[in-house]
1. Taking θ = phi - 60°, what integer Hz values does the Karplus form 6.51 cos²θ - 1.76 cosθ + 1.60 yield along segment 209-215, in sequence order, with x for Gly and Pro?
2. Roughly how many Å is it from the Cα centre of segment 101-138 to that of segment 144-200, as a whole number?
3. Using the eigenvalues of the Cα gyration tensor, what equivalent ellipsoid semi-axes result for segment 56-122 when each is taken as the square root of five times the eigenvalue, whole Å, largest first?
4. Karplus couplings for segment 283-293 from phi (6.51 cos²θ - 1.76 cosθ + 1.60, θ = phi - 60°), rounded to Hz, Gly and Pro as x?
5. Assuming 0.36 nm per residue, please report the length gained on full extension of the stretch Thr56 to Leu341 beyond their Cα-Cα distance.
6. Residues with amide H under 5 Å of Ile213's amide H, sequence separation 5 or more or different chain, H placed in the peptide plane at 1.01 Å from N; which?
7. Give me the one-decimal nm value for the distance between modelled label points at Asp116 and Ala271, 7 Å along each residue's Cα-to-Cβ direction.
8. Within a Cβ distance under 15 Å of Val125, other residues only, what is the Lys/Arg minus Asp/Glu net charge?
Amino acid sequence: MECCARRLLGAALGVGWRYGKWTADHDLPVGASERAAIGERVNAGDVLAAGSVLGTAIRVRGAKRLGLEPDDVLRVLRVTIGAELTAGTVVARTGRRFARAVSAPIDGRLLHLGSDGDLYFAPIVGRWVVRGALDGMVTRSDDAAVTVEGTAWCLEGIAAYGPDAIGELSLGVDSPKEDLAPMRLDVRLGGRIMLGGARVSAEAITRAHACGISGLIAGAANASGLRVVYGEDVTARGAPARGDRPTVLCVLGSGTATLPREIFDPFGVLAGSRAAIHTASARLFVFAPPDAVEIPRVAETVALAADYGSVRAFPGACEPAGEATFASEVQAAAVRCGGELFPRTNVRTTPAEA
């Protein structure tokens, strides 16, 4: 049980709404052809970088065909290395009356000029785009990642699945104890980020994706249901951000987890605001004024229940209860929360500051 606690609740220390300054890192695939510049102002949903996926490269004789030394080929190139070309485009040329030329053999990209003067061309077999998940300023931009720093309301979760999601925040349930019913999802909600209550099922996730809903937020999601949607590569912190999968943010854990009122109630005030789920950090950003919500300065305690399937919240702090033996036959330091005993490692207190 202690193992499950570390896996599911290791990040619960950050649970709770806070307004402040945040950073969002956006990892880039190989092959970026354009990137946002450092110091540039961007909004969530703006393109931060774009690039292409290249196929197997083709080698074309360069120096020998042009009658030049390898070091002289760069001087006669008519296009830059990395340029996207159509088949037949003249890449390099020498002479006038008895001209010699090298042309692009395929539609694709001029990938490389070798030390022997040969040219390498690669076909473009796919394209990718990375969009921002935070309003703010670009503080890092290189081939590995683009980082944005900005201010927003933030709810930090335990795990996120799928690609980053951007859309209008909407309520999909009326109570924090409700599970999101698939029948409440339709195409009229396309492009929105929906609050899904205590639990979202695999059926609700796939229906939301089919209806074009940008993302789902819930207290928890069943692990077996997540594997149905995302496959066996699901971990306690999330799944690979493939574009053909929906986006889900689990706020408290796995199974069923009723959201505390301190977390659930602000959704009613923030509904209608622009929002974004940043899956790499498992955070929900909501772009609303700093005084949009008043967060009580009372700490919540979050505990993994003994049935291994839910996360519960208790007001205030829990009390030490010495050593105890639990259902898993493990003896460990215990705490008492609301009249129940929990292993100490299964309990986290959320921040009390707004």
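None of the figures in this text is laboratory data; all of them are computed from the coordinates on show. Everything numeric in this text was worked out from a predicted model, so none of it was measured. Neighbour counts run over all protein chains shown; Cβ positions are idealised from the backbone, glycine included.
1. 5, 5, 8, x, 6, 5, x
2. 35 Å
3. For segment 56-122, the semi-axes come out at 18, 13, 10 Å.
4. 10, 9, 9, 10, 9, 9, x, x, 9, 5, 9
5. 96.6 nm
6. Gly191
7. 6.8 nm
8. 0
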